[in-house]
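Working notes for the structure below.
The values are calculated or read from the model by the stated rules, or taken from the named source; none is laboratory data. This is a predicted model, so every value here is computed, not measured. Backbone-built Cβ (ideal geometry, glycine too); neighbour counts: all protein chains shown. Keep in mind that these areas ignore ligands, DNA and RNA; they rest on the heavy atoms of the full protein, side chains included. Shrake-Rupley method; radii C 1.70, N 1.55, O 1.52, S 1.80 Å.
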Amino acid sequence: MVTLDVRPQLLDTLSALRDRVAAARFPLPLAGAPRARANRDELLAQLDNYLVPRLREPDAPLLAVVGGSTGAGKSTLVNSLVGRRVSEAGVLRPTTRTPVLVCHPEDHHWFSGMRVLPDLTRVWVPNRDPGDDLLLPGENPGRVLRVETADSLPRGLALLDAPDIDSLIVDNRVLAAELMCAADVWVMVTTAARYADAVPWHLLRTAKEYKAALVTVLDRVPHQVVSEVARQYGALLTKAGLGDLPRFTVPELPESAWGGGLLPATAVAPLRAWLVHQAQDPGARTHILARTAHGVLDSLKARMPELAGAAAAQHAAALRLTSAVDSAYDSEHARVRSRLQSGAVLAGDALKRWRAYPLDCAAGELLDALVESLAALLLCAVTAADERVDDAWRREPASAAPGLSGRDPSLESAEHRIGLAVRRWRRELEEYAEDEVRELDRSVAPDSESVAALVATALLGGRRTKEAGERLAERVGAHGALRLRDRAGRLLTEHVDRVVHTERERRLAPLDALDVHPEPQAELIAALSVLQKER
Amino acid sequence: MTAVTDHDHTDHMERLDHTGEYAGDYTSGFDSGLTAADSAPDAVPEPAHAPVHAPAPGAAPDSAGDAAQGRDGTEGEPPADLAHPAAETENVPHARVREQREPADGDPATAEDAWDDGLIARRVTETSKPAVPVLETRGPGAPAPVPLAYDGPLRSRLDALRELVGLSRTRLDSHTLAEAGRVLDEAAARRRLSGQHTVVAIAGATGSGKSQLFNALAGVAISETGVRRPTTAAPIACTWSDGGAALVDRLGIPGRLRRRPVHNPEADAQLRGLVLIDLPDHDSAAVQHREHVDRILKLVDAVIWVVDPEKYADAVLHERYLRPMAGHAEVMFVILNQTDRLPGDAADLVLHDLRRLLDDDGVALGEFGEPGATVLALSALTGDGVGELREMLGQFVAERGAAARRIAADVDAAADRLRPVYATGRRAGLSEEARDEFAARLADAVGATAAGEAAERAWLRNANRACGTPWLRLWRWHQKRADAPTGRLQRPQPEEEATARQRVEQAVRTVSDRASAGLPAPWAQAVREAAVRGSQGLSEALDELAAQAGLPPGRPPRPGWWPVAVFAQAAMTLLQVVGGLWLVGQIAGFMAPNLGIPVLLMIAGIVGGPLVEWGCRMAARGPARRYGLEAERRLREAAAGCGRARVLDPVAAELLRYREVREQYGRVTRAGAGVG
C-alpha cells in the first residue's frame, strides 16, 4: 500500500518546480503554443490547487469534486448527498454557474482561507434564504467559490459542485477543468442519455491517465431500463480498462427531475456511504490520497518534458525570426557597402550637380545633393531589409504574434532617423574640412565648404570621381587630402553601420520584448530531475 | 482535467476506424448505394429487379439489425467502435482543454475530412457496378422525376461564383477555393436530381430521440430505438413518394437502409415529396457516426435538429453545428423532444431558453412570419406535438423551395468564408497623388531638378558672356587660362549609372505599397509582383533616357533681342574706342581741341557697356528660367512616361483585375449587400 510520507525537501523542490512552470511563457503563436499554454495553466492549477496544499497538509478534508456534462444532475446529486438545497438545480442549462463547496462547519476553516483554489474569491453566506441572489454585485460569477456548511456531511469530507465540463460558456469549462484539478476524488456524473457521449469519456480517460481516484455515477436512469443501461455502461468501462471503477447508479425519480428537489436518501446512500468511508476510514483515506497525489507526481514525468519541448520550440522559432532579421539586414548592409564603393550615391541629382560644379553649382548644393542621395540609399536599404524580413516572416507562424508585424507606421520615422544620421555626418565632415583648412595657414586658404564637398564627392563617387580627389589634393595638399579622405571615410562607415544597426535593433525590439529564452527548457527539465531524486 | 473535445484523439481515432472492421461494413453498404446512383438520373431500375419491399412493421427489426451491424456481439459487449477510443487511451497524449479555447479551429479540419468523404462518395458513383435490386417500391410506370430548377437570382449567383473561382485560380491557392468549388459541385449535382422532393435529415445528440421522431413521422418503427447508446449507427432513409431514389443515392445510403412509411393516404398526401433521413448521433464517442453526420449534412436540403431537455445546451451541438450553420436557419427545424420528461410549464421555460441560445448562436428564428428556423416542442413518445410538426413539414415540403434555399445559404457561407481574400472594407486603388509622387520620385532619380538648374545657369552664363563687355570677356579668358579645367570639360565621357538606383527602387516600392494598401493579401502580393517585374530594367531605361533627353535638342534658343543687345554692346565698345581715339587725336594734335564730345562719348561707352550687360542679364533671366524649366520638364516627362509604361500600367492592370473579381464577388454575395 502506498503511503503519503512527505519530506520537506520534496515540498521545496515541488515549489521550485511550480515556480519554473509559472515562469514558462509561450508568447509565439506556434502550432503547439495554445496547447502548451493550456498545459501550463492546467499543471499550475493542479500544483497550486491540489498537490502542494495536499502534501503540505495531509490532514485537510478529502475534497470530492462532482463533475460532468450539462444536465447530468450534478447539483441535484450534491443536494441529495448533503440533504438540503445548497446548490441550485433547474431545467435551464447551464444551471450551476458558480461552483459550490459544501463541508462540515468544523472543516470550514480549511476552505475559507486560500489554501486551495487561491484564485477564486470566497463567498460565504452561513444562513441564507434559498431564494436570495447568491452573487454579490459586481463580481464575476465565474471566479467565485461559494462555501456552504452542512452538519449532515461528516467531518473530513467536502463536496464541490463544479460547472459543466462541456458548457457553452467557455469560462465555465475552464473553471470546471481547474476545479477537477483540485480534487482528491473525482466524481464523474453521467446519465442514461449521455453515457456514450464523447466528452465524459475524455474526462474518464484523463482521470485514468492521472491515476486520480475516480468514481462514476450513472445518473437519471429511468426505472425500466436500470439494469440494461448499467450493464451497457459497465461493459463500456471494462472495454476502456476502467472495469474496476466504483460505479453507482441513481435512478431517475420524479423528485430528481427539474424541480430542484432532493432525491430520497436511499437513492444516493451507496455513494454517500462510499464517500464517507473514504473520508473516515484512515486506511482508505491514506490510500486514496496517496493514489491521487502520486498520480499527479507521476504524470509530471510526461508533462514536464512536454512543456520543456514547447519552450524549446518557442526558442527555436524566436531564433528563426531573429536570424531572418539578421540575414536580411546583413545582406542589405553588404549591398549598401558595395554600392557605396561603386559610387552609386553619385547619381541622379548629385551627379548632375557634380557635372555642373563649380561653374553652375555651388559647393553647398553639391553637398546637399550628395547627402540626400546617401540618405535615399540608406532608406532604400532599410526598407528593402524590412521587406525581406516580412517575406521571411510570412512563412513563419510565429510571426503572427501581436506587435511583431506592421512595420508601416515606423517607415516615416526611419526616414527621419536616417536623415538625422546623415546630416550629422555632413556636419562632422564640414568640421573636419574646416580643421584641415585652418591648418593650411595659407594666405589664400580654400573655402572649407568646397573642400568638404570635394571630400564627399571623392568618397561617395567611387572610381568616377578621381578628379575630385585630384582637385582636393590641389587645394589642401596630397597629404592633407589623403588624411581628410581617410577620416571622412571612417566617419561614413561608422555612421552607416550605426544606422543599419539601429534599424535592425528597432526591428528586433518587439521580438526581444517577448522575452523568449532557451533557459526555461533546461530549467523545467532540471526541476523535474531534482524532484525525481527527492521522491 | 476536463477533456472536452480533443482533436488529437479524434484524428487518431478516425484513422483507426477507417482501418477497423467497421470500415469494411461501411463500404460494402456503400457499394449497393452506388449501384442505385448508377441508374441516375433516369433512376428507374428494371421492374424485374425491384422486388416490392412491403413497408410493414415486421420488416423493420430485420433491417434495423442490418443497420446495427458491427455490434452484433454478445449482449453487454460494447460496440467495437466505442471501444477503439477507449483502448487508445495509453497511446494518445493527455486529453486537453485546448479545444475549448478554439473550437472553431478544430472544425474546419474535420469538415475537410467529411468533405473528402463526400467527394469519394461522388467519385464512386461515377464508376459502374452491376445493378443490385433496391429495396424500394417503385411502380414500373413511375414518371422520371422533374429536375430541380433554381430561380433567376440564385442561378446568376452560382454563375458568378463559378466565374469568380475561375478568375481567382491563378491568385489563390486551391485550398482557399475548395469550399466554393464544393458548393458549386453540390449545387450542380442537386440540380440534376428531383425538384419534387425535399431531403430532410433528422440530426441530434445521442439519446435525444431522433429515431423516435423518425418513426413517429413515418408511422412505423423503421429505425431502432433503445437505451443502448449510441443506437443508430448508419443513416436510414424513408421516402414518401416515388422518384427520390437518386437523391438517396447521392447520400450514399445503401438500398437495405431505405424504407417506405406505412401506407396512410392522408399522411402520404401531406408529406408527399419528403425524403426523411435518420442520422446517427454527432456527439458520441463513436467517431464514424460524426463523419456520417458531417457528410450527409452537407448534402441534404433541410435539417431537423432534435434536442432534449438534458442536452439542449451542449457545447458540441452549438459550437460545432448550429453556429457554423446559422446561415441555414431557413432550412432548419429545431425540435425540443421529450417534453414528457418535463413537469408542468418547465417545457415552456426550456423552449424559451433554447430560443435564447439559438439567438446567441446567430440562428434567425422563424417567428412572426419572418424567415428563419422553426422551433417546436414535442414529445415523440406521447405523440404530443408531432402532428404540428407533420403539418409544418408538409407545408415546407409542398413549397419545394428548400433545396434552392439551402444552396443559397451554402453560397452565402462560401462567400462569407472567401470575404477576407476578396474584400477588406477599405478603398483600394492607385490615387492620382500616388502616381504623381511616383513620377516625382523618378524625376529625382534621374536628377531632373538639378539638370534643369544646371541648364538654366549654363544658359544664363552664356548669355552673360555673349552680352558682356569685351573687356570683361578678356579678363575671364585670362582667368580661365590660369585656372584649372572645370567639371564641364569631363562631359564627353559616357556615364554609367546616371540614374540613382536606390531612388528608383524606393519609388517602385512606395508606389506598389500605396497601390496594394487596402487589398486582400493575395491580390496585394500580385500587385507588388507586377510592380517589381515592371521595375526590372527601369533604371537602365532611365539612364538611356537621361542621356537622350537631358537637354533640349539643337543649340540653346536665342531670343530676338539678342543681336540687338550684342549690337548695342558693340556700339558701346565702339563709342569707347571712338571717344578714346578722338581724345588721343586731340592730344596728338591731329584734331581741334574739343574735350566735351569725346569725353562724353567715352563716358557713355564706359557707363553704357555695363548698363547694357546688366540690362541683358535682367532680360536673360526669363528665357534662362524657361530654358531650364524646359530641360527639367523634358527629363521629368520622359522619366514619368517610362515609369508609367513599365510600372504603373501593369500595376493598374492588376488592380483592374482585382476590381473585376471584386465585382464578381459582389454579385455572389446577395446583390452585393453589405460588402465593404
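Couple of notes before you dig in:
- Which numbered condition A:Gly67 misses (of (1) part of a loop (DSSP other than H, G, I, E, B); (2) within 14 Å of chain B (Cβ to nearest Cβ); (3) modelled with pLDDT of 85 or more): (1)
- Take the conditions (1) more than 14 Å from chain A (Cβ to nearest Cβ); (2) crowded, with 17+ Cβ neighbours inside 10 Å; (3) without any contact (Cβ under 8 Å) to a residue 40 or more places away in the chain; B:Ile335 misses just one of them, which is (3).
- Residue match in region A:392-408 (condition: touching a residue at least 24 places away in the same chain (Cβ under 8 Å), among the basic types (Lys, Arg) and surrounded by fewer than 24 Cβ atoms within 10 Å (Cβ to Cβ)): yes
- Selection count, region A:38-83, where residues are under 16 Å from A:Cys181 (Cα atoms) and among the charged types (D, E, K, R): 5
- Annotation: of all residues in region A:464-474 being open to solvent by 10 Å² or more (accessible area, probe 1.4 Å) and within 10 Å of chain B (Cβ to nearest Cβ), the one that is modelled with the lowest pLDDT is A:Arg464.
- Contacts under 6 angstrom Cβ, first residue in region B:635-658 being farther than 13 Å from B:Leu442 by Cα, partner modelled with pLDDT under 90 and open to solvent by 30 Å² or more (accessible area, probe 1.4 Å), 6 or more apart: none
- With respect to the conditions (1) within 9 Å of another protein chain (Cβ to nearest Cβ); (2) at pLDDT below 85, A:Ser75 falls short on a single one, namely (1).
- Scope region A:320-370; condition more than 10 Å from chain B (Cβ to nearest Cβ), basic (Lys, Arg) and without any contact (Cβ under 8 Å) to a residue 24 or more places away in the chain; matching residues: none
- Subset of region A:65-86 (residues that are within 25 Å of B:Val307 (Cα to Cα) and either of a type in the set (A, V, I, L, M) or touching a strand residue (DSSP E or B) at 6+ places or on another chain (Cβ under 9 Å) (or both)): A:Val66, A:Gly67, A:Gly68, A:Ser69, A:Gly71, A:Ala72, A:Gly73, A:Lys74, A:Ser75, A:Thr76, A:Leu77
- B:Glu136 fulfils the conditions (1) open to solvent by less than 10 Å² (accessible area, probe 1.4 Å); (2) among the charged types (D, E, K, R); (3) at pLDDT 85 or above except for a single criterion, (3).
- Considering (1) at the interface with chain B (Cβ under 7 Å from one of its Cβ atoms); (2) surrounded by fewer than 24 Cβ atoms within 10 Å (Cβ to Cβ), the lone condition that A:Gly156 does not fulfil carries the number (1).
- Subset of region A:510-535 that is open to solvent by less than 60 Å² (accessible area, probe 1.4 Å) and at pLDDT 90 or above - its residue that is nearest to A:Leu321 (Cα to Cα): A:Leu524
- A:Leu237 closer than 28 Å to A:Leu92 by Cα and of a type in the set (A, V, I, L, M): no
- When A:Gly295, A:Gly234, A:Gly243 are checked against the criterion of being open to solvent by 30 Å² or more (accessible area, probe 1.4 Å) and over 30 Å from A:Glu503 (Cα atoms), a single residue qualifies: A:Gly243.
- Of everything listed in (1) at the interface with another protein chain (Cβ under 9 Å from one of its Cβ atoms); (2) among the polar types (S, T, N, Q); (3) within 40 Å of the chain's Cα centre (by Cα), the single unmet condition for A:Ser373 is (3).
- Hits in region B:167-188 - residues which are surrounded by fewer than 15 Cβ atoms within 10 Å (Cβ to Cβ), in a helix (DSSP H, G or I) and under 11 Å from the mean Cα position of the chain (by Cα): none
- Within region B:624-645, the residues that satisfy the criterion of being surrounded by 21 or more Cβ atoms within 10 Å (Cβ to Cβ) and charged (D, E, K, R) are B:Glu632, B:Arg634, B:Arg636.
- Scanning region A:371-380 for residues that are open to solvent by 10 Å² or more (accessible area, probe 1.4 Å) and either closer than 15 Å to A:Asp326 by Cβ or free of Cβ contacts under 8 Å to residues at least 12 places away in the same chain (or both) gives a single hit, A:Ala376.
- Residue pairs meeting the criteria (Cβ under 6 Å; at least 6 apart or on separate chains; first farther than 19 Å from B:Thr176 by Cα, in region B:394-419; second of a type in the set (Lys, Arg) and assigned to a helix (DSSP H, G or I)): B:Ala403/B:Arg190
- Of all residues making up region B:441-466, the number that are more than 11 Å from every other protein chain (Cβ to nearest Cβ), surrounded by fewer than 19 Cβ atoms within 10 Å (Cβ to Cβ) and in contact (Cβ under 8 Å) with a residue 24 or more places away in the chain: 2
Here's the yes/no breakdown for (1) facing chain A (nearest Cβ under 10 Å); (2) at pLDDT below 75:
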{"position": "B:Gly468", "(1), (2)": "no, yes"}
{"position": "B:Ala482", "(1), (2)": "no, yes"}
{"position": "B:Arg491", "(1), (2)": "yes, yes"}
{"position": "B:Pro494", "(1), (2)": "no, yes"}
{"position": "B:Thr510", "(1), (2)": "yes, no"}
{"position": "B:Ala515", "(1), (2)": "no, no"}
{"position": "B:Ala530", "(1), (2)": "no, no"}
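- Members of region B:207-239 found to be farther than 20 Å from B:Gly383 by Cα and open to solvent by 10 Å² or more (accessible area, probe 1.4 Å), listed by number: B:Arg228, B:Arg229, B:Thr231, B:Thr232, B:Ala234
- For region A:1-19, a residue qualifies if it is of a type in the set (D, E, K, R) and at pLDDT 90 or above, and the qualifying residues are A:Arg18, A:Asp19.
- Where a residue in region B:228-240 is within 11 Å of B:Phe214 (Cα to Cα) and its partner, wherever it lies, is in a loop (DSSP other than H, G, I, E, B) and hydroxyl-bearing (Ser, Thr, Tyr), with Cβ under 7 Å and at least six apart: B:Ile236/B:Ser223
- In the set A:Ala312, A:Ala293, only one residue is modelled with pLDDT under 90, assigned to a helix (DSSP H, G or I), under 24 Å from A:Val530 (Cα atoms) and in contact with a helix residue (DSSP H, G or I) (Cβ under 9 Å, 6 or more places away or on another chain); that residue is A:Ala293.
- B:Tyr312 being closer than 20 Å to B:Arg417 by Cβ and either facing chain A (nearest Cβ under 10 Å) or hydroxyl-bearing (Ser, Thr, Tyr) (or both): no
- Of all residues making up region B:200-238, the number that are out of contact with any Pro (no Cβ under 9 Å at 6 or more places or on another chain) and closer than 19 Å to A:Trp201 by Cα: 4
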